[in-house]
1. Is there a residue in the stretch 8-15 that is over 16 Å from Thr134 (Cα atoms), over 16 Å from the mean Cα position of the chain (by Cα) and either surrounded by fewer than 16 Cβ atoms within 10 Å (Cβ to Cβ) or in the same structural domain as Arg176 (by TED's automatic domain parsing) (or both)?
2. When you check Ala173 against the structure, is it in the same structural domain as Val274 (by TED's automatic domain parsing), under 26 Å from Ser52 (Cβ atoms) and small (Gly, Ala, Ser), yes or no?
3. Go through the stretch 16-62 and count every residue that is of a type in the set (Val, Ile, Thr), touching a helix residue (DSSP H, G or I) at 6+ places or on another chain (Cβ under 8 Å) and surrounded by fewer than 18 Cβ atoms within 10 Å (Cβ to Cβ).
4. Which one is nearest to Gly159 (Cα to Cα) among residues in the stretch 105-117 that are in contact with a Ser or Thr (Cβ under 9 Å, 6 or more places away or on another chain) and buried (at least 21 other Cβ atoms within 10 Å of the Cβ)?
5. With Asp149, Asp119 as the choices, which residue is more than 16 Å from the ligand (Cβ to nearest atom), at pLDDT 95 or above, assigned by TED's automatic domain parsing to the domain that holds Leu44 and more than 15 Å from Leu47 (Cβ to Cβ)?
6. Could you tell me which of the residues Leu141, Leu161 is in contact with a Ser or Thr (Cβ under 6 Å, 6 or more places away or on another chain), of a type in the set (A, V, I, L, M, F, W, C) and touching a residue at least 24 places away in the same chain (Cβ under 8 Å)?
Amino acid sequence: MLKGRSLIEPGNFSLEETDSLFAIAEKIETDQRYLRDSCRGKLLATLFFEPSTRTRLSFEAAMLRLGGSYIGFADPGSSSAAKGESLADTVRMAASYADAVVMRSPKEGSALLASRYSDVPVINAGDGGHHHPTQTLTDLLTIRRLHGDIKNLTVGFCGDLRFGRTVHSLAKALARYDNISMVFISPEELAIPEYITRHLQKNAVAFTETRSLEESMPKLDVLYMTRVQRERFFNEEDYIRLKDTYVLNKEKMALGKNNLIVLHPLPRVNEIAVEIDDDPRAAYFKQAKYGMYIRMALLSSVLGAV
Ligand code: NCD
């Protein structure tokens, strides 16, 4: 049912379609042979105009594990974008070689634009400070696996909520589930954008905004930490002033529930002390692994292999 479809933002797939991806990912997790060769002969293009480790490697690993192959670039300096080629032309070309295109760009709206020039599915792997829907699928799958379901939860988002695209996508996506309330924890300058809070109000989702991580800790079932997005700042001084506003350490973790889960899209800079990594509530490395399973589920679905 997802064959041939692009994914630009989480709302492009219905809740039922999203559930079908979770079911496939969970099957892959328990049976590593499931779908192993389902994409044999298929080619994925990975166009990364912005740095990435997890997202690009997990897409490439996913495609290889499905029996397919990939082409692409991780450094726009080595592509014709450096010669001034337009995104539309680069995408048209990639779409004529490959069966699906994954792209990341520093410009908001670029994935949507690319999808208009492509005959094959385009998957948005991050467009500037806008959206990152496959990270959201990863986050939702992790919540579902570790909390059993995606409902009746209080989810805290902490850090750079203004520029963090993973926050924007996840908040919008969670608004579709039952009885989710949100706590947005940030300095005022990095507050959650109004277009997201308006969306939550329209959908009658309960949320609060605060500066205090300590006061929020006891209420949370999920804590979603994020780094301050240096590359989207207009000046270095503001970045330096704001970068260490929140550091999750043992003292703060002691205020959290026993069944709290701590997520982070990664990379982390300073916002989670390494002393937390051994706490059973730290779920960010598990989350990275779920990212590969859900991308396998997504690729096999849009390529019509499942
Ligand atoms: C995130 C991104 O690129 O938006 N990383 C990722 O894809 N896992 C988060 C970030 O860079 O801070």
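The values are calculated or read from the model by the stated rules, or taken from the named source; none is laboratory data. This one's a predicted model, so the numbers in the text were calculated from it and none came from an experiment. We place every Cβ from the backbone using ideal geometry, glycine too, and count neighbours over all the protein chains shown.
1. There is no residue in the stretch 8-15 that is over 16 Å from Thr134 (Cα atoms), over 16 Å from the mean Cα position of the chain (by Cα) and either surrounded by fewer than 16 Cβ atoms within 10 Å (Cβ to Cβ) or in the same structural domain as Arg176 (by TED's automatic domain parsing) (or both).
2. yes
3. Going through the stretch 16-62 one residue at a time, the tally reaches 0.
4. That would be Ala111.
5. Exactly one of Asp149, Asp119 is more than 16 Å from the ligand (Cβ to nearest atom), at pLDDT 95 or above, assigned by TED's automatic domain parsing to the domain that holds Leu44 and more than 15 Å from Leu47 (Cβ to Cβ), namely Asp119.
6. Leu161
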